[in-house]
Every structure is written in structure tokens, then in C-alpha cells.
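Here the structure is laid out as C-alpha cells; the discussion comes afterwards.
Read the figures in this text as sums done on the coordinates, not as results from a lab. Note that the structure is a prediction, hence the values are computed from the model and not measured. Because the Cβ atoms are built from the backbone with ideal geometry, glycine has one as well, and the counts that use them run over all protein chains shown.
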Amino acid sequence: MERLSYEVEVEGPAAPRAPPALVGVVASGNLEVLVEPGDAGRCRVEIATSARGFGEIWEAVVRDFAARHPVAGLRFSVNDAGATPAVVTLRLGQAVEEYLGATR
Amino acid sequence: MSAPPAPRRSYREAGARRRLLAVLDPGSFRELVGPAERVQSPHLAALDLPAAFDDGVAVGRGTLQGRPVLAASQEGAFLGGAVGEVHGAKLTGLLRLAAREQPAGVVLLLDSGGVRLQEANAGLLAVSEILRALLAARAAGVPVVGLIGGGWGCFGGMGIVGRCCDGLAMSEEGRLGLSGPEVIETTCGVEELDTRDRALVWRLYGGKHRIVLGEADLLVEDDLAAFRAAAASLLTRRRVLTLERLCQAQEALEGRLADFGSCADPVDLWAAAGVVAPAELPLLEPEPFLAAVARARRPVP
């Protein structure tokens, strides 16, 4: 297992507070994402992954994700079982949808 | 013109949480020990394996047709829904809570291959604790019912848990057993059970066979709404837990073994039980199926 943590400063209004949301599942080539309220002005992503040595790719995916979604003030926690970057991107997007859906 | 029927939403394809939300009244589910509490398996971490925030099971309170229930749903996609220490403790805690709180019932959405082998003794112990708590809840007057329609079915220790329920609803695709097909093939050889014969596997473990044997009470379509209706219906029937009843069940099982012990295939058993066209059973929809087996069913008391 490898543990990674990224924090990105995000402009824009803070995401509304909502109950935690969980999407995905820890299964081969898949991952689960838990979204919770975090620190203002930041998006934090903490990852536990079974695939070692992909830190650079995780960072690129996280930065790209944070630039595309309204994630200021959100904390993401990931349990990963070797998902590809495309799957990770989809799950992170799904997690935001699910979390914000509860606030609408 | 009448409105078109609501489209079927597969129970089997849905995840554990989606099943739970669909079976309970909309918006009623309140999770206990939710994923944000991060009560994860310590054993998987020690083995350097990825853990899940909820250890593969969601438990909590809700209502079903307005009546308060406790409910649990196992996530088959995470390690085959297998029972580890935390996973098992959540189920045990829920059943103990039921004995104290006296809800209208406990609904277990079972989808599990049994004990999580990575956690060995802790998993085995967890299953025995679940069984004890389940029987204590029933003894305290709270009905416990099970739904089986997930991709992993209900096997091993969880198969025993399922059969200890007051009632079970299954889809044909749901499977129930003690030793799963791969276990039998591995230990007894391919001559005993060829797991590549998928039709045989489903004849042997599927919901229809369990209905004929009287081990499951309701056969439902692979549909979330159908499982919801079945759960509500099961909660209205209670199976009293007495020594006399257990003795009757034992007698019925001995009778079954005497009558059908030599059958090599479920089709032989269905024929011996008096089904007119046994080979047709796997092809029938639930309603005509139930009509075809009505007189052949052998309910276990």
C-alpha cells in the first residue's frame, strides 16, 4: 500500500456543507471515494492505493480534477485497488455530483 | 391509455447502498457507523491490502412501509461480501440493537461468499457472533428476514445466517448454499460438480431450487421494487423458535435425505417430488413456476 496526500488551493465559493457521500467500491481496477467538508479555500485528496509508484500520475489527475470542479472546502478520501486514471477521474466527478446533489 | 409499467431496476446490478435505499422507504435510512467514521479492517492493513471505509457493509435504521426497521446491506463487490471482524461486528451490533429497540423487524440484504479468509479466525468468530445475536433478536420477538439476489449469493457462514432467518426472499439469480460450487469442485473433483456447467450451478443453488426445498419463502423477479415488496411481506410472517419446531425441522430434513438423497441433479429431485415437467422449471417466470411446484414444495418447519 502507498499513502498519498495532495492539497490544492482552489478559488471560488466554498462548497455547501452536506452529509458525507461515498461512491464506488474497492474492487480490482476500481476505487471508492468519500467526500466530506474540509478546510476553506482548499481541496484535499488523501489516497490509499494498492499500486505503488504512481504518485506523479495521481497528482496530475487530482490537479486536473480540482481545476474542473467546484471543490473548494472539500476533503476527498480514496481507497484504491489499482484503478486507471480515467476511472479515478470519473469516480471523483461522481463523488462531487453525489455530495452536491444532497445540498440541492 | 394506461401508463406504461415502471421499468425494472435490477437488484443484482445495484450496489449495496442503492439496494438498501430502494428497499427502505425513500429518505428514511440513517446509517450507523457510516463510512466517514472510517472503522476499517485492521487485518487487511496488516496484510497490505486495500480496505473499505465501511468494511463492505452498510447498517442502520429506517422504515419499511412506515414501520421502523433495522437493516444491513453487504457489498458483494468488496472481497465478495466476505465477513471480516469489523464487517461482522457491525452485523452483530445491529442485531443486538434490534433485541433492545424492538423494531418491527431486521432486514438483511445478504450478498456474501462467507468468512473473509484474510481474517481467518476473526471472521469465523464474527459469524458465530452474528448467529448468536440473530437468534437472540428472534427470541426477543423481533423478526429477522433476509433478501438474496446479489451476484455473490449467500454462502458459507452467511448461508447459515440466512437459514436462521424467519424468512427469505430470493431471485432465481440469487444463490444460497453452504459450500459454494468452486469449493466442492476443488475438494471433491470435477466429477462431483463441474462449475463450468453454469446451468447446473444455478439449478443447484438458485432461488427456484431453494423454493422447492422449502428453504426460501418467496421467489421474486430481479427487481428492486419486487425485493422491497417481498421484505415487507416477510416481516408479517414469523417463525416461532421452539425446540418442538426444531425437532420437526430435523425430521423434515431426514425425510428429505431419505426421499431425494440419491438424486444426482436437481431435475431428478423435482421429478421425484412430483413436478410434471421438471426440465422446464428453469425457464418459467416466477408466477407459472410457483404454480408448477405448488404441490411439490417441501417446506421445512
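The number of residues in segment B:244-292 being touching a Leu at 6+ places or on another chain (Cβ under 7 Å), under 19 Å from B:GLU221 (Cα atoms) and hydrophobic (A, V, I, L, M, F, W, C) comes to 3. Among the residues of segment B:222-254, just one is free of Cβ contacts under 8 Å to residues at least 12 places away in the same chain and small (Gly, Ala, Ser), namely B:ALA229. Taking residues in segment B:275-296 that are touching a residue at least 60 places away in the same chain (Cβ under 8 Å) and part of a loop (DSSP other than H, G, I, E, B), and partners anywhere that are surrounded by fewer than 16 Cβ atoms within 10 Å (Cβ to Cβ) and among the basic types (Lys, Arg), the pairs with Cβ atoms closer than 9 Å and at least 6 places apart or on different chains are B:VAL275/B:ARG295.
A:LEU4: surrounded by 20 or more Cβ atoms within 10 Å (Cβ to Cβ) and within 19 Å of A:ALA83 (Cβ to Cβ), yes or no? No; evaluated as a whole, the condition is false for this residue.
When segment A:51-78 is filtered for residues that are aromatic (Phe, Trp, Tyr) and part of a helix (DSSP H, G or I), the ones remaining, listed by number, are A:TRP58, A:PHE65.
Restricted to segment A:79-104, and to residues there that are of a type in the set (S, T, N, Q) and part of a loop (DSSP other than H, G, I, E, B), the residue that is farthest from A:ALA27 (Cα to Cα) is A:THR103.
Going residue by residue through segment A:12-23, is there one that turns out to be within 14 Å of chain B (Cβ to nearest Cβ), in contact with a Ser or Thr (Cβ under 8 Å, 6 or more places away or on another chain), crowded, with 19+ Cβ neighbours inside 10 Å and part of a strand (DSSP E or B)? No. All of B:ALA216, B:ALA249, B:ALA271, B:ALA258 fail the test of being loosely packed, with under 14 Cβ neighbours inside 10 Å, within 21 Å of B:ARG298 (Cβ to Cβ) and of a type outside the set (Val, Ile, Thr), apart from B:ALA258. Restricting B:ARG8, B:ARG38, B:ARG18, B:ARG30 to residues that are surrounded by fewer than 18 Cβ atoms within 10 Å (Cβ to Cβ), within 12 Å of another protein chain (Cβ to nearest Cβ) and within 18 Å of B:ALA226 (Cβ to Cβ) narrows the list to B:ARG18.
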